[in-house]
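Trainee: My questions will all concern the structure given below.
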Amino acid sequence: MKLGLYVITDRDLCGARGVAETVRRVVRGGARIVQLREKKAGFDDQLRQVEELAEAIDGRARLIVNDRLDVAIAARDRGIPVDGVHLGQGDARALTSRQALGRHAIVGLTANTSAHLAAVSQLPAGTVDYLGVGVIRPTTTKPDHPPALGVDGFAELVASTPIPCVAIGGITLTDVAPLRRAGAAGIAVVSAVCAAEDPESAARTLTREWER
């Protein structure tokens, strides 16, 4: 599974342009994974958004649902192409999600301490495909985030797990190369593309820096 640029949606930051149109543009710019993160929406709203994003992506990137295994399952039952879920720190549903979605699905898990990594190591091999590790820098998109790791803190955690790690949290263009050297398998961004005037250009610039 290639990771690279991983975009997480934010309805407020996308503004009048809308989430689906923003996603359409960032995928054109090179995003490989899109995660629908919609903490306040109900089941029906999220299911509708998943369908809209699947149409916008049109098979050019992977589509992940944040936290809502039920939405991912319902989408699949309706024939909507959803690739998997991303779950919170130390989430006990990782194994349940793997069993429900199958071995070809993507199951991601947030981890930002050595204790989280120790818990993940106790899961059966293949339960989790990648870890979202951060925050790298302080970020306003998740005000209750833990203390920022910085590139050095991220590198320490990456070195202690065999699972691919995606860096997340306040990442800017200047962080991309240092994070890749530190062992990142991908970079996850929110405001860097969702709040950009030209999301496609912003995604393309980040992708080029990652691939460089």
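Trainee: For the range 1-42, which residues satisfy the criterion of being touching a Cys at 6+ places or on another chain (Cβ under 7 Å) and in a loop (DSSP other than H, G, I, E, B)?
Mentor: Those that are touching a Cys at 6+ places or on another chain (Cβ under 7 Å) and in a loop (DSSP other than H, G, I, E, B): 9, 10.
Trainee: Taking the range 114-150 as the search range and keeping residues that are farther than 24 Å from residue 191 by Cα and among the β-branched types (Val, Ile, Thr), which one is surrounded by the most Cβ atoms within 10 Å (Cβ to Cβ)?
Mentor: Across the range 114-150, the extreme among qualifying residues is 128.
Trainee: Just checking, how many residues over the range 74-104 are not acidic (Asp, Glu) and not in a helix (DSSP H, G or I)?
Mentor: The qualifying residues number 16.
Trainee: When you scan the range 196-212, do you find a residue that is within 27 Å of residue 21 (Cα to Cα), under 17 Å from the mean Cα position of the chain (by Cα) and part of a loop (DSSP other than H, G, I, E, B), even just one?
Mentor: Checked the range 196-212: no residue is within 27 Å of residue 21 (Cα to Cα), under 17 Å from the mean Cα position of the chain (by Cα) and part of a loop (DSSP other than H, G, I, E, B).
Trainee: Would a scan of the range 78-88 turn up a residue that is open to solvent by 20 Å² or more (accessible area, probe 1.4 Å) and at pLDDT below 95?
Mentor: Yes, because at least one residue in the range 78-88 is open to solvent by 20 Å² or more (accessible area, probe 1.4 Å) and at pLDDT below 95.
Trainee: Please identify the pairs in which a residue from the range 198-212 that is crowded, with 19+ Cβ neighbours inside 10 Å has its Cβ atom under 8 Å from the Cβ atom of a residue that is part of a loop (DSSP other than H, G, I, E, B) and aliphatic (A, V, I, L, M), counting only partners at least 6 apart or on another chain.
Mentor: From the range 198-212, the pairs are 202/196; 203/31; 207/31.
Trainee: Something else: Run down 107, 166, 71, 128 and say which single residue is closer than 25 Å to residue 59 by Cβ and part of a loop (DSSP other than H, G, I, E, B).
Mentor: 128
Trainee: Further, regarding this structure: Hey, could you check the range 89-113 for residues that are within 17 Å of the chain's Cα centre (by Cα) and of a type in the set (A, V, I, L, M) and say which is surrounded by the fewest Cβ atoms within 10 Å (Cβ to Cβ)?
Mentor: Out of the qualifying residues, it is 105.
Trainee: Could you tell me which residue of the range 35-60 is farthest from residue 132 (Cα to Cα), considering only residues that are open to solvent by less than 20 Å² (accessible area, probe 1.4 Å) and touching a Lys or Arg at 6+ places or on another chain (Cβ under 7 Å)?
Mentor: Result: 56.
The values are calculated or read from the model by the stated rules, or taken from the named source; none is laboratory data. Just so we're clear, the structure is a prediction, and the values are computed from it rather than from any experiment. As a convention, Cβ positions derive from the backbone with ideal geometry for all residues, glycine included, and neighbour counts pool all protein chains shown. These accessible areas exclude ligands, DNA and RNA; they are computed on the full protein's heavy atoms, side chains included. Shrake-Rupley method; radii C 1.70, N 1.55, O 1.52, S 1.80 Å.
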